[in-house]
Amino acid sequence: DAKTTQPNSMESNEEEPVHLPCNHSTISGTDYIHWYRQLPSQGPEYVIHGLTSNVNNRMASLAIAEDRKSSTLILHRATLRDAAVYYCILENNYGQNFVFGPGTRLSVLP
Amino acid sequence: NAGVTQTPKFQVLKTGQSMTLQCAQDMNHEYMSWYRQDPGMGLRLIHYSVGAGITDQGEVPNGYNVSRSTTEDFPLRLLSAAPSQTSVYFCASSRGLAGGRANEQFFGPGTRLTVL
């Protein structure tokens with residue numbers, strides 16, 4: 001399975017944008033890029049996914065590099081509730097058997 | 001919809017005891033899986049099922065058994081608990097093949113297990 005690399009931790013101020021990077025240099029042409037997050041003491045929850053084009057939803061935006069070897073999750077205005085561990089995951093098997101790395105722990109400062 | 005439910009929320013076992021962690025989903029999802037999460041780490045896949053009657057091993061299956069007799073339920077059995085199995089266990093479900101590519105996984109709230 002293709003792997004992802006993320007910074008261990010990041011910090012942001014409340015109400016400022018946050019850009020969470022992910023490198024996936026061995027991504028294959030059919031791998032989708034998923035982002036999940038895990039709030040303290042909860043199970044992971046879906047944030048966004050994409051294949052080639054940039055994607056927006058009510059939670060976040062996903063910017064995918066043209067060569068697809070990296071992507072960035074963008075939270076437009078961080079809130080205290082966005083403090084979580086964010087996981088970047090490559091999926092090539094119908095949403096099954098995700099491989100979770102350690103993710104990026106995002107701290108949001110008031 | 002209740003989504004994915006897990007029981008119990010917390011459990012303490014002694015070494016050598018056996019128990020079953022329960023997982024149920026009410027979304028008619030084909031695919032279900034069990035992960036474990038050790039402190040400060042990401043989730044690791046234990047077992048998964050692509051439909052009733054079909055199960056397979058994930059990355060860390062040793063010491064665990066699963067069965068899938070119905071679409072809704074996917075219990076995880078610890079055969080003889082060991083301290084190394086102290087972890088938080090998450091169950092997840094998705095539409096799997098029926099959902100096509102990139103379908104969302106839904107996770108339960110987790111079971112926190114301590115083995116003494």
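Shielding by partners for peptide B:91-101, expressed as the average number of C-beta atoms from other protein chains within 10 Å of each residue's C-beta, is 3.
If only the Cβ of Lys and Arg carry +1 and only the Cβ of Asp and Glu carry -1, the dipole of the protein assembly as shown around its Cα centre is close to 460 debye.
For a modelled paramagnetic label at B:GLN17, 7 Å from Cα along Cα-to-Cβ, the residues of segment B:102-116 in reach, with backbone nitrogen under 20 Å, are B:110-116. The length gained by stretching the chain between A:GLU15 and A:HIS76 to full extension, at 0.36 nm per residue less their Cα-Cα distance, is 21.2 nm. A Förster radius of 35 Å combined with the Cβ-Cβ distance from B:ASP38 to A:THR30 puts the calculated FRET efficiency at roughly 0.70. As an equivalent ellipsoid, chain A spans semi-axes of 22, 15, 12 angstrom, where each value is the square root of five times an eigenvalue of the C-alpha gyration tensor, largest first.
For A:LEU90, B:LEU97, the sequence from fewest to most other C-beta atoms within 10 Å is B:LEU97, A:LEU90. Within the protein assembly as shown, the proportion of C-alpha pairs whose separation exceeds 33 Å stands at 17%.
Taking the number of Cβ atoms within 10 Å of each Cβ as an exposure proxy, the fewest-first ranking of A:VAL55, B:VAL66 is A:VAL55, B:VAL66. Straight Cα distances below 17 angstrom link A:LYS69 to the lysines A:LYS3, with same-chain residues fewer than 8 positions distant left out. Spatially, segment B:71-107 and segment A:46-96 are offset by 22 Å when compared through their Cα centroids. For B:TYR64, no residue 5 or more places off, or on another chain, has a built amide H under 5 Å of its own.
Using a Förster distance of 41 Å, how high is the FRET efficiency between B:THR114 and A:GLU66, based on the Cβ-Cβ distance and rounded to 0.05? Once the sixth-power term is evaluated, E becomes 0.30. Largest GNM mean-square fluctuation across A:ASN92, A:ASN23, A:ASN57, computed for chain A with C-alpha springs under 10 Å, falls on A:ASN57.
Looking at segment A:48-100, what % of the alpha carbon pairs are farther apart than 14 Å? So the pairs more than 14 Å apart make up 59 percent of the total in segment A:48-100. Computed from backbone phi with θ = phi - 60° and the Karplus coefficients 6.51, -1.76 and 1.60, the 3J(HN,Hα) list for segment B:72-82 is 7, 10, 8, x, 10, 9, 9, 7, 8, 4, 10 Hz; x is used for glycine and proline. Shielding by partners for peptide B:32-42, expressed as the average number of C-beta atoms from other protein chains within 10 Å of each residue's C-beta, is 3.
Which residues does the label zone of A:LEU109 cover in segment A:1-21, counting backbone N under 13 Å from a point 7 Å along Cα→Cβ? What the label zone holds, given the 13 Å backbone N cut-off, is A:10-16.
Each residue of segment B:36-44 was assigned a 3J(HN,Hα) from its phi angle through the Karplus expression (A = 6.51, B = -1.76, C = 1.60, θ = phi - 60°), giving 10, 10, 8, x, x, 10, x, 7, 10 Hz with x at Gly and Pro.
Counting only Cα atoms, segment B:6-109 measures 41, 30, 23 Å along its principal axes, largest extent leading.
FYI, it's all coordinate maths here, none of it is from the lab. Remember, predicted model here, so these are calculated numbers, not experimental data. In this analysis, Cβ positions are derived from the backbone assuming ideal geometry, glycine residues included, and neighbour counts consider all displayed protein chains.
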